[in-house]
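A short worksheet on the structure shown next.
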Amino acid sequence: MIKTLIISALTASIAFSSPLSKQAQDSGLIAIPSAPSALLKLIDNPKNPITKQKVELGKMLYMEPRLSKSGIISCNTCHNLGMGGVDGVSAAIGHKWAANPHGLNSPTVYNAVFFDSQFWDGRDPDLEKQAQGPIQAGPEMAATQKHVVDTVVSMPEYVSRFQKAYGKDVKIDFEKVTDTIALFERTLVTPAPFDAYLEGDENALNAAEKKGLKTFMDKGCATCHNGIALGGSMQMFPLVSPYKYANMGDFKGDKNGMVKVPTLRNITETTPYFHNGAIFSLKEAIQEMGRTQLGMEINDADAASIETFLGALEGKKPTVTYPQLPNSTATTPQPDMN
C-alpha cells in the first residue's frame with residue numbers, strides 16, 4: 001500500500017511538471033479550478049452573493065419569454081443552453097423575427113463570467129450590466145423596464161420567490177431582475193478535460209490532443225486566446241490581413257477597432273464563428289484566424305491538429321432542468337408584436 005502511494009505521488013509530481021503543461025501555463029492558459037471553494041471565489045459577486053434561491057429564480061427569468069415585448073423571446077432564445085449557449089445562426093434573430101441589423105452573431109453565455117468585458121465591442125464590464133442590454137434593445141427583446149417589472153410583479157409566484165431570495169422588503173425593480181439573471185449566468189461554467197490536464201492529470205488529454213495543444217501554442221494562438229476563458233479580452237481585429245468576410249454586417253469593433261476575443265471553450269458546439277457568424281467550419285475559422293491575426297498560412301494538418309485540441313475544451317455543462325414558469329394573471333402585460 002505504501003509503495004502504491006509513493007508511485008501515485010511520483011506520478012502526480014511528474015504529471016504536474018510536464019513540460020507541455022508548464023508551457024501552457026507559461027502561455028497564460030489557466031484552468032477552471034476543480035475545488036468548489038476556489039471556483040466560487042472566481043464567479044461570485046460580492047455585491048450580490050450567489051445562493052440557491054437566487055440561482056433558481058435567475059434560471060426562471062432567463063427562460064422567461066414574457067419579459068420580451070412579444071412574449072416569445074427569452075435570454076435562452078439566442079443563448080440556448082442546450083446548444084452550447086448560442087443559437088446556431090449567423091446573425092441573432094430578435095423582435096419581429098428580424099436579424100440583428102449589424103449582422104452580429106450571438107456569443108455563448110457559457111463561461112462568460114470569465115470575460116474581461118461583455119458584448120463584441122466590450123462596452124459593458126460584467127454580466128450584471130450586460131443583462132440589461134438585450135432586454136431593452138429594439139432588435140432583440142424590445143421591452144421597456146416598466147414592462148419587465150410589471151410582468152414580474154403581476155405573478156405572485158415571482159414575488160414570493162424574490163422575497164425568499166432577497167428578503168421580505170425586497171424592491172423588485174428592473175435592476176434586481178437583471179442582476180438575478182446575471183447571477184444564474186455566473187454559474188454556467190464548464191470544466192473540461194483540458195482543465196484536469198492543467199491541474200496535473202497527464203492522462204486527461206490523449207496524445208493527439210497534446211500535439212494539438214503544442215501546435216496551438218507554437219502558432220501563437222495563445223497570444224489572444226488565454227486566461228481561464230481562452231478569450232474574453234479586447235484585441236485589434238483584423239490585425240495583420242483583412243478579414244475576408246468583413247462585408248457581412250457593418251460592425252467594426254469599438255472606437256479603437258478592438259473586438260472581444262471569443263472564448264474557445266466549447267468552440268466545437270458554437271458554430272458559426274467570428275462576430276458576424278460568417279464561417280461554419282472550425283477548420284476554416286482556424287485558418288482564417290491564422291491569416292488575419294497571425295499573418296501565416298496554417299496548413300490543413302496543423303489546422304486539424306489544433307481542432308483536435310479544441311475538442312478537449314468541450315466541457316461538462318451544469319445540469320439545468322427547464323423550469324415550470326408561473327401562470328399569467330389578469331395584470332400580466334399582453335404580448336405585443338408591433
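The values are calculated or read from the model by the stated rules, or taken from the named source; none is laboratory data. This structure is a prediction, so every number in the text was calculated from the model and none was measured. Note that we place each Cβ from the backbone using ideal geometry, even for glycine, and neighbour counts take in every protein chain shown.
Below is a table of values for the structure above.
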{"item": "Residue ID - surrounded by the most Cβ atoms within 10 Å (Cβ to Cβ), chosen from residues in the stretch 257-284 that are assigned to a helix (DSSP H, G or I) and free of Cβ contacts under 8 Å to residues at least 40 places away in the same chain", "result": "282"}
{"item": "Answer from 150, 169, 121 - the residue that is outside the structural domain of residue 278 (by TED's automatic domain parsing), part of a loop (DSSP other than H, G, I, E, B), exposed (fewer than 15 other Cβ atoms within 10 Å of the Cβ) and at negative phi", "result": "169"}
{"item": "Some residue of the stretch 241-250 being surrounded by fewer than 22 Cβ atoms within 10 Å (Cβ to Cβ), aliphatic (A, V, I, L, M), closer than 24 Å to residue 111 by Cβ and not assigned by TED's automatic domain parsing to the domain that holds residue 128", "result": "no"}
{"item": "Scope the stretch 167-187; condition closer than 30 Å to residue 316 by Cα and out of contact with any Gly (no Cβ under 7 Å at 6 or more places or on another chain); matching residues", "result": "176, 177, 178, 179, 182, 185, 186, 187"}
{"item": "Helices (runs of 4 or more DSSP H) within the stretch 25-97 that include 2 or more residues surrounded by 19 or more Cβ atoms within 10 Å (Cβ to Cβ) and either touching a strand residue (DSSP E or B) at 6+ places or on another chain (Cβ under 8 Å) or not hydrophobic (A, V, I, L, M, F, W, C) (or both)", "result": "52-62, 75-78"}
{"item": "Members of the stretch 174-189 found to be more than 25 Å from residue 149 (Cβ to Cβ) and free of Cβ contacts under 8 Å to residues at least 40 places away in the same chain, listed by number", "result": "none"}
{"item": "Residue among 137, 192, 143 that alone is touching a helix residue (DSSP H, G or I) at 6+ places or on another chain (Cβ under 7 Å) and either under 30 Å from residue 338 (Cα atoms) or touching a residue at least 12 places away in the same chain (Cβ under 8 Å) (or both)", "result": "143"}
{"item": "Residue check, residue 104 touching a residue at least 24 places away in the same chain (Cβ under 8 Å) and assigned to a helix (DSSP H, G or I)", "result": "no"}
{"item": "Pairs with Cβ under 6 Å, 6+ apart, first in the stretch 285-311 and within 19 Å of residue 275 (Cα to Cα) and in the same structural domain as residue 220 (by TED's automatic domain parsing), second among the polar types (S, T, N, Q) and surrounded by fewer than 22 Cβ atoms within 10 Å (Cβ to Cβ)", "result": "291/241; 292/241"}
{"item": "Residue 112 being within 19 Å of residue 45 (Cβ to Cβ), touching a strand residue (DSSP E or B) at 6+ places or on another chain (Cβ under 8 Å) and surrounded by 22 or more Cβ atoms within 10 Å (Cβ to Cβ)", "result": "yes"}
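Conditions tested, residue by residue: (1) under 26 Å from residue 104 (Cα atoms); (2) touching a Ser or Thr at 6+ places or on another chain (Cβ under 7 Å).
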{"residue": "139", "(1), (2)": "yes, no"}
{"residue": "161", "(1), (2)": "no, no"}
{"residue": "164", "(1), (2)": "no, no"}
{"residue": "219", "(1), (2)": "no, no"}
{"residue": "234", "(1), (2)": "yes, yes"}
{"residue": "238", "(1), (2)": "yes, yes"}
